[in-house]
Structure formats: C-alpha cells, structure tokens
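Here the structure comes first, spelled out in structure tokens, and everything after it is commentary.
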Amino acid sequence: SQVIVDKNDDSFKEPIKYIGKRYTKQQSDEMTSDYGWHFKEQEEGKYRRVVPSPMPEYIMHGKSIKALVDRGTIVIASGGGGIPVYNNHLGNLEGLDAVIDKDYSAAKMGRIIRAKELWIITDVDAVYENFGSSNQNRISSMTKKEAEKLQGKGLFQKGSIAPKVRAAIHFLKHHGDKVIITSIPHIEDALNGNAGTEIRNKDY
C-alpha cells in the first residue's frame, strides 16, 4: 500500500528508525561517506542504519478498503507500514527514503474504516514505564490522556514502544474505543483482559 507523507515531516530532521544489519564503527563511517546514510550505535560497538519514520497522512485506496471491509471482506493492507510517497510540484507521486511505522499505518487505517479497537502486536507483553531500568513498571491500563501525559514526559523508549503509544493516541483521537498492546503469546490472555496494556479513549 502506498501512503502519503509530508516530505517536510520533523522525522526527516532526526532519523531514529533502525533498519538492516549491524556494523562496526569503521564500516558505518565508510557507508556514511559513500552513501550519505545515517547510523546510530544501538549496542556497544554495534551500529545500525537509521531512517526517518514519518506519520502517514493518507493511505491510498483507503476508501476502497473500507468498502470491502463494510461488505465483510477480510483485507490485508499496509504490510510493513506501506510505501512512503509524496506529491511533487507537478502533482505526481515520488518515493522517499524512509520507513513507515506499521503501527502508524494501522492507526490511520483504523480511523479510515472506523474501527472500534486496534490491536498492536509487538515483542513485549505490555507497555512498561522506564522499560529496561531497575524501576520499570508494567502498565496494565490507562486512558488516552494518561498516555499523552506519560509520552510527554519521555518515559517510553524512542524507536520501540514510544511510536506504538503515539499510534494508539492517534487512533483514539476520534471514534476508536480502545487499543491493546501485547505480544503473540499473550493475545489470548489479553482477549480476556488478563494481559497486555489497554489504552482507553475515556475512563469507564
């Protein structure tokens, strides 16, 4: 699926999305010189390329997908987040060197088809405040306002769980009721309300 993005999105100023294999400092410096790529140290002595991850503004054929969903069709769309494109000065589509976060696309698609729930499946069982630290705290549930407050304090990891919370907030801005964030092994428990993190549009 092609997704329209703003080529002047702030994410292009600070790429944070890790992609590709790991390299040494020397290798990353060489590729920066040869290709103009950006790298960040993800683990000690291990560098990975980082690219922008802009918020999608519009999903091409979104209305067609909604028409299919409304008729009971199971639709698979925006795999991997979709292909980032923008309209140039001639009104033609051009691609961009970026990665669209699949959770952002899912949130946008959920709004297009007017879904009530969004499930974000990741590699952690739930959202944690201060994840990976000695004082990490699992969050079983929170409202959209609470999520916005914690997000604003920078308590979620950039490039990992923070974009998922941002996607959840985006989905809940209008008609969405709730978002569940969990991992594959915990989906069944999350369906029964015994696992994962539930972010609600309002407290009830």
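The values are calculated or read from the model by the stated rules, or taken from the named source; none is laboratory data. Note that this is a predicted model, so its numbers are computed, not measured. Neighbour counts run over all protein chains shown; Cβ positions are idealised from the backbone, glycine included. The area values use the complete protein model at the heavy-atom level, side chains included, leaving out ligands, DNA and RNA. Shrake-Rupley method; radii C 1.70, N 1.55, O 1.52, S 1.80 Å.
Put H175, H61, H186 in order of accessible area, highest first, and with a 1.4 Å probe you get H61, H186, H175. Springs join every pair of Cα atoms under 10 Å in this Gaussian network model of the chain, and among M55, M31, M109 the largest mean-square fluctuation is at M31.
How do D177, D101, D125, D34 rank by accessible surface area computed with a 1.4 Å probe, from largest to smallest?
Details: D177 70, D101 10, D125 45, D34 110 Å².
Per-residue accessible area, sorted high to low, gives D34, D177, D125, D101.
Roughly how many debye, to the nearest 20, is the charge dipole of region 16-137 about its Cα centre, given +1 on each Lys and Arg Cβ, -1 on each Asp and Glu Cβ, and no other charges?
Details: 16 positive and 16 negative charges, 105 e Å.
So the magnitude is around 500 debye.
Principal semi-axes of the equivalent ellipsoid, √(5λ) from the alpha carbon gyration tensor of the chain, are 29, 25, 14 Å from largest down. For K17, K46, K63, K153, the ranking by accessible surface with the largest value first comes to K63, K153, K46, K17, using a 1.4 Å probe.
Give, as a single signed number, the net charge of other residues whose beta carbon lies under 13 Å from the beta carbon of I180, with Lys and Arg counted +1 and Asp and Glu -1. Result for the local shell: -3.
Counting Lys and Arg as +1 and Asp and Glu as -1 over every other residue whose Cβ lies under 14 Å from the Cβ of Q136, the net charge comes to -1. Just how far, in whole angstrom, is region 143-204 from region 94-138 if you go by their alpha carbon centroids? Cα centres, region 94-138 to region 143-204: 8 Å.
State the extension gain, in nm to one decimal, for the chain segment bounded by E148 and D34, taking 0.36 nm per residue of separation less the distance between their alpha-carbons.
Details: separation 114, 0.36 × 114 = 41.04 nm, distance 4.02 nm.
Using 0.36 nm per residue and subtracting the Cα-Cα distance, I get 37.0 nm.
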